[in-house]
Amino acid sequence: MGLFSELLNLILREYRKEIFQVISPKEGDKILDIGCGDGNQLFYIKKKLKRVFLFGIDLKKKQF
């Protein structure tokens, strides 16, 4: 992961918590993140909920 990605992750850490509270996902939910970038929001959700189905799509073919 590059320096820019590391800095962006630090900045967005609190934002991810807020998104999680707003969407209030539950075990067994299916979540689609359109424009997911490197998928950090999805990884955050997966840490909180083990039995959740996550899908991410982004325009970049290669993220890393």
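The values are calculated or read from the model by the stated rules, or taken from the named source; none is laboratory data. Note that the structure is predicted; figures quoted are calculated from it, not measured. A quick note on method: Cβ atoms are made from the backbone with ideal geometry, for glycine too, and the neighbour counts reach across all protein chains shown.
Being touching an Asp or Glu at 6+ places or on another chain (Cβ under 6 Å) and of a type in the set (D, E, K, R): is that true of Arg13 here?
Answer is no for this residue.
Counting only residues that are hydroxyl-bearing (Ser, Thr, Tyr) and out of contact with any helix residue (DSSP H, G or I) (no Cβ under 8 Å at 6 or more places or on another chain), which one in the range 1-49 is farthest from Leu59 (Cα to Cα)?
Residue satisfying both the conditions and the ranking: Ser24.
Give me the pairs, please: first residue somewhere in the range 7-25 and closer than 23 Å to Arg51 by Cα, second residue anywhere and among the polar types (S, T, N, Q) and not in a loop (DSSP other than H, G, I, E, B), beta-carbon distance under 6 Å, and either six or more positions apart or on two chains.
Within 6 Å, the pairs are Arg16/Gln41.
Looking only at the range 36-64, count how many residues are closer than 21 Å to Gly2 by Cα and within 10 Å of the chain's Cα centre (by Cα).
Total meeting the criteria: 10.
Just checking, does the range 22-29 include any residue being assigned to a helix (DSSP H, G or I) and either under 10 Å from the mean Cα position of the chain (by Cα) or surrounded by 11 or more Cβ atoms within 10 Å (Cβ to Cβ) (or both)?
Step one: filter the range 22-29 for residues assigned to a helix (DSSP H, G or I), giving 22-23.
If we keep only those that are either under 10 Å from the mean Cα position of the chain (by Cα) or surrounded by 11 or more Cβ atoms within 10 Å (Cβ to Cβ) (or both) as well, we get 23.
Checked against the condition, which is being assigned to a helix (DSSP H, G or I) and either under 10 Å from the mean Cα position of the chain (by Cα) or surrounded by 11 or more Cβ atoms within 10 Å (Cβ to Cβ) (or both), the range 22-29 yields at least one hit.
Would you mind stating whether Tyr15 is assigned to a helix (DSSP H, G or I), under 12 Å from the mean Cα position of the chain (by Cα) and surrounded by fewer than 15 Cβ atoms within 10 Å (Cβ to Cβ)?
Criteria met by Tyr15.
Might you let me know whether the range 34-43 holds any residue that is assigned to a strand (DSSP E or B), at pLDDT below 95 and not aromatic (Phe, Trp, Tyr)? Before the answer, list the steps.
Taking the range 34-43 and keeping what is assigned to a strand (DSSP E or B), we get 34.
Among the residues that remain, those that are also at pLDDT below 95 are: 34.
Within this subset, residues satisfying the condition of being not aromatic (Phe, Trp, Tyr) are 34.
Yes, there is a match, as at least one residue in the range 34-43 is assigned to a strand (DSSP E or B), at pLDDT below 95 and not aromatic (Phe, Trp, Tyr).
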